[in-house]
Amino acid sequence: MILSFDNVSVKKYDTCIIKDISFTVNKGDYLNIIGPNGSGKTTLIKVMTGLTKPTEGIVRFGDYKLGYIPQHLHNSKFVPATVYEVLKLSNLNKVKDSEIDAYLELMNISELKYHKMNQLSGGESQRVFIVRALLSRPDVLILDEPTSALDPGFRDKFYNYIETLHNNGMTIVHVTHDLSDGLRRGSKIIQLDQTIRFNGSFEQFQNYHEQHHAEKDGEHYHV
């Protein structure tokens, strides 16, 4: 068991952000958490990473090393260090420069190695933080809207690599509102809208979607 949620709720003032959430992430899972904007996905991830404490319910954590790529990376605009310096300083595993170079090449940003972070675009910064997360050699990789700032031409390559990591034993938790991003690779799907509306396999979700014609605020789920 990686982690489990037992009737978890998070409230902010009088507003319930997520309510009565129960599920388990097991070693080797590839879990897609889907739902429209405002459905509580990021709050759920913050509880999973320990950044937010539940108002109600219990979260049980297993023994694992976590890699987390957040959705918003605006702070990079205020980082005067170079890409290499950021990666080297956060490199707790003391990996060789050759491995850093290999990850930069994988993310198609080798030429940015000595550029300052505050000079990068949003997509370039996102790729740097993906490399930083991978350098920690995590057991579990949590991706919160990981391709939101990436160009469409790079997305397939990115998801192919994430699938390779999963096939090599890494547990993946992938959060998205765009079901064209990596969904078919997932071993499990949770559809969230404050509470869990669906929890099952991709094949089960297809049947569920066909039966219920899932639509929320004019936003369709295409699978």
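The values are calculated or read from the model by the stated rules, or taken from the named source; none is laboratory data. Since the structure is predicted, the reported quantities are computational estimates derived from the model, not experimental observations. Cβ placement follows ideal geometry from the backbone for every residue including glycine, while neighbour counts extend to all protein chains displayed.
With the requirement that a residue be of a type in the set (Val, Ile, Thr) and farther than 25 Å from Val47 by Cβ, what does the stretch 117-171 give you? Val128, Val131, Thr164, listed by residue number.
Every condition in (1) assigned to a loop (DSSP other than H, G, I, E, B); (2) surrounded by 17 or more Cβ atoms within 10 Å (Cβ to Cβ) is met by Arg137 except one, and the failing one is (2).
Residue-by-condition table, conditions (1) in a strand (DSSP E or B); (2) hydroxyl-bearing (Ser, Thr, Tyr); (3) within 22 Å of Met1 (Cα to Cα):
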| site | (1), (2), (3) |
| --- | --- |
| Glu105 | no, no, no |
| Phe129 | no, no, no |
| Ala133 | no, no, yes |
| Ser148 | no, yes, no |
| Ile162 | no, no, yes |
| Ile189 | yes, no, yes |
| Ile196 | yes, no, yes |
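Of all residues in the stretch 91-106, those being surrounded by 14 or more Cβ atoms within 10 Å (Cβ to Cβ) and in contact (Cβ under 8 Å) with a residue 40 or more places away in the chain number 3. If I ask for residues that are surrounded by 21 or more Cβ atoms within 10 Å (Cβ to Cβ), in a strand (DSSP E or B) and touching a Phe, Trp or Tyr at 6+ places or on another chain (Cβ under 8 Å), which ones from the stretch 33-60 would you list? Listed by number, the list holds a single entry, Ile34.
For the stretch 61-72, filtered to residues that are without any contact (Cβ under 8 Å) to a residue 60 or more places away in the chain and part of a loop (DSSP other than H, G, I, E, B), the residue that is nearest to Gly122 (Cα to Cα) is His72.
Restricting attention to the stretch 12-26, the residues that are basic (Lys, Arg) and at pLDDT below 95 add up to 1.
Looking at Leu192, Leu179, which one is closer than 21 Å to Gln71 by Cα and within 14 Å of the chain's Cα centre (by Cα)?
Answer to the check: Leu179.
Look at (1) more than 14 Å from the chain's Cα centre (by Cα); (2) part of a helix (DSSP H, G or I); (3) under 30 Å from Gln191 (Cβ atoms); (4) modelled with pLDDT of 95 or more and you find that Glu111 fails only one, number (3).
Do the conditions hold for Ile100, that is, is it at pLDDT 90 or above, over 26 Å from Thr49 (Cα atoms) and among the β-branched types (Val, Ile, Thr)?
Values: at pLDDT 90 or above: yes; over 26 Å from Thr49 (Cα atoms): no; among the β-branched types (Val, Ile, Thr): yes.
The answer is no for Ile100.
Evaluating Leu87 against the criteria (1) under 19 Å from the mean Cα position of the chain (by Cα); (2) within 26 Å of Tyr64 (Cα to Cα) leaves one unmet condition, (1). Just checking, does the stretch 213-221 include any residue being modelled with pLDDT under 80, among the hydrophobic types (A, V, I, L, M, F, W, C) and assigned to a helix (DSSP H, G or I)? Within the stretch 213-221, none of the residues are modelled with pLDDT under 80, among the hydrophobic types (A, V, I, L, M, F, W, C) and assigned to a helix (DSSP H, G or I).
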